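If you scroll down you'll find the structure; I have some questions about it.
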Amino acid sequence: MNGQEISQKNSDNRKKLKTKHIVGSKSYSQLSFEQRNLETGEEPDCIALWELAHMKNGTWANQYSQAVYDKACEEIQNKENETQGPISSEQRSNIFQTAYKDTLKCKSPQPRGYGYMAKPPSGSKRIRSQLENQARAQAETQKVNSVLTNRVTELQDQLLAERESKQERINLERAERENLEKKLKEERVEREKLLKEERAERDRLLEEERRSRMEFERNMMSKFAQLSEQMGTKQTQANQTSKKTTGKENSNPSLQNTLLKTASPTGAVGTRHHIISQKALIQAATKNNRQFRAMDSNI
């Protein structure tokens, strides 16, 4: 195959490429070196290098280049969310290679995004890389499990503390309620005691009043009896005097007529003064006593 045929074949292969870079004849390694961190000497990873080689002034070289970049960034974001932290450069490179092959349907094991001088990793290196990724993933899983276990323990301790605090509040409320009930009971007992004392005092006063009234009635009855006795004595004397006078009046008609004509206090001729008998006084005292007893029963 002569040189013209080789050139034609290369030209045909170039046309089959779906992605296009914008760095011209500059190699990826040269571009990576130029874009290194001057302080640390660290060069950009494969994703950052892909962006530098396929974007100019914010515009991608074509849609396939942008699709590879977007797919790789999405997968990296998902991985970081899964592990809850940043991933290593090697993991980012592996994700980029997978995204490139899935987007462009590429079956070649040749690494992409590093230029034509990049070499595929050997079988032992790939196995070692897989083992390292598995160990790293296991460590991340253990870390996440540890964090979750600590969180569960904290929640359990918090729940236990809240339960103890709630029980303490319940006990305090129960004690306050018991104290209040005890105080109310004491007040009720004291109030009943005061009512009983007031009732007893009222009964005592009523009894004293009843006794005083009975004593008054007895005194009145005694006075009525004495007065009746005195009036009975006077009546007896008056009767005796009246008999003597009547005898004289009967023997002396003129005197009898004179007595008949004696004026009464009201001016009526022939009337005599009214004298209360002992029997009438006793009846009045008995009636008065009955009235006092009726008043006492009403009270």
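The values are calculated or read from the model by the stated rules, or taken from the named source; none is laboratory data. Values in this document were obtained by computation on a predicted structure and should not be read as measured data. For neighbour counting, all protein chains shown are included, and Cβ atoms are generated from backbone atoms with ideal geometry for every residue, glycine included.
Yes or no: GLN8 exposed (fewer than 15 other Cβ atoms within 10 Å of the Cβ), modelled with pLDDT under 80 and in a helix (DSSP H, G or I)?
yes
Taking the stretch 77-108 only, how many residues are without any contact (Cβ under 8 Å) to a residue 40 or more places away in the chain and not in a helix (DSSP H, G or I)?
6
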